[in-house]
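To start, the structure itself, in structure tokens.
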Amino acid sequence: MLPSAERLPAPPRETSAVFAWRLLLSGALSQAGWGLLAGSSFFFWTFVWHADLSGWRFRSAAVATASGSVLSCRETAYSVGGSDDESGVRVYENTYRYQAGGATFAGRSYATGLCLTGSPVTVEYLAATPAYSRIQGMRRHEMPPATSLVGILPLGAIVLIVAGRRKGRLRLRLYRDGVAAATRIADSQPTNASVNERVVWRVTLEFTTRGGTPARTNVRTNDPGSLRDESRRTVLYDPWEPATALPLGDFAPPRAVFLLPLLTVAVNAVCVAVLRPW
């Protein structure tokens, strides 16, 4: 628990590594980001990781062709299309062989519903890298390029984590070097945002710096009544930029802030071990 303003040590304050990480990871943005990343990691490793994004490399000017033959094919764990009532069309892995520049190469291409064991095929390969190839009309990975759109979810999660970390770094800096000051509410206005069906308020807090200069800072809360609490009405402000300040209550993050990041690491470890080899 964070000490009261009267018992708070004078800056610069020392912090343990664990407490510093609690400050960095706490906050709604950071926790929302870690939660979203944990929930979307399965979809990333299942779909995005196996999406074929190599099409741009097979430009007509960079490609040569050769005759080849399919040695074998197998069903993969993937299918395309389908619904609750009907299964999708199975994706097949076709292993093929071809010759280019006097050398023999082998590769794997994927197609939806197409198994061509023993059939002759036309192979496209990069003229500059003959080993990089695909069967004409097929793809180099299991899923179509559009599947990569699922990556929007983990990408959005990373954006939230980065934004939350910026706020966390500010929180850590103010804890170490910030000056405590008692405030009073100068103004409060409702915003268009809401959290848990409660309107978020923009509250202006007014205080006097240790040099006697009046200053203001803004906080957002969906519980304006909480500002009656001393830890919420007292702020730690940047002595060089007093408008940069946070309520004292923001510097008492729960130990549970580690839960979602650790869950994200565990989920990704399992996904890498189980889903990536598909």
Tabulated pairs, segment 14-41, first within 21 Å of LEU236 (Cα to Cα), second of a type in the set (D, E, K, R) and modelled with pLDDT under 95, C-beta under 6 angstrom, 6+ apart or interchain: LEU23/ARG171; GLY27/LYS167
Filtered residue count, segment 122-153, keeping only those that are buried (at least 19 other Cβ atoms within 10 Å of the Cβ), outside any loop (DSSP other than H, G, I, E, B) and at pLDDT 95 or above: 7
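Yes or no: segment 266-274 includes at least one residue that is in contact with a Leu (Cβ under 8 Å, 6 or more places away or on another chain) and either surrounded by fewer than 16 Cβ atoms within 10 Å (Cβ to Cβ) or of a type in the set (Asp, Glu) (or both). Can you show your working first?
So the first thing to find is which residues in segment 266-274 are in contact with a Leu (Cβ under 8 Å, 6 or more places away or on another chain), and the list is none.
Checking segment 266-274: not a single residue is in contact with a Leu (Cβ under 8 Å, 6 or more places away or on another chain) and either surrounded by fewer than 16 Cβ atoms within 10 Å (Cβ to Cβ) or of a type in the set (Asp, Glu) (or both).
In segment 219-265, which residues are charged (D, E, K, R) and modelled with pLDDT under 85?
First, pick out the residues of segment 219-265 that are charged (D, E, K, R): 220, 223, 228-230, 232-233, 238, 241, 250, 255.
ARG220, ASP223, ARG228, ASP229, GLU230, ARG232, ARG233, ASP250, ARG255 - these are the residues of segment 219-265 that are charged (D, E, K, R) and modelled with pLDDT under 85.
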Some residue of segment 59-75 being crowded, with 17+ Cβ neighbours inside 10 Å, in the same structural domain as ALA181 (by TED's automatic domain parsing) and out of contact with any Leu (no Cβ under 9 Å at 6 or more places or on another chain): no
Matching residues in segment 96-153 - criterion: being closer than 27 Å to PHE43 by Cβ and in contact with a Ser or Thr (Cβ under 6 Å, 6 or more places away or on another chain): ARG108, ARG134, MET138, ARG140, GLU142, LEU153
Qualifying position, being under 35 Å from the mean Cα position of the chain (by Cα) and of a type in the set (A, V, I, L, M), among LEU116, LEU126, LEU71: LEU126
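The values are calculated or read from the model by the stated rules, or taken from the named source; none is laboratory data. Quick caveat, the model's predicted, so the values are computed rather than measured. FYI the Cβ positions are ideal-geometry reconstructions off the backbone, even for glycines, and counts take in every protein chain you see.
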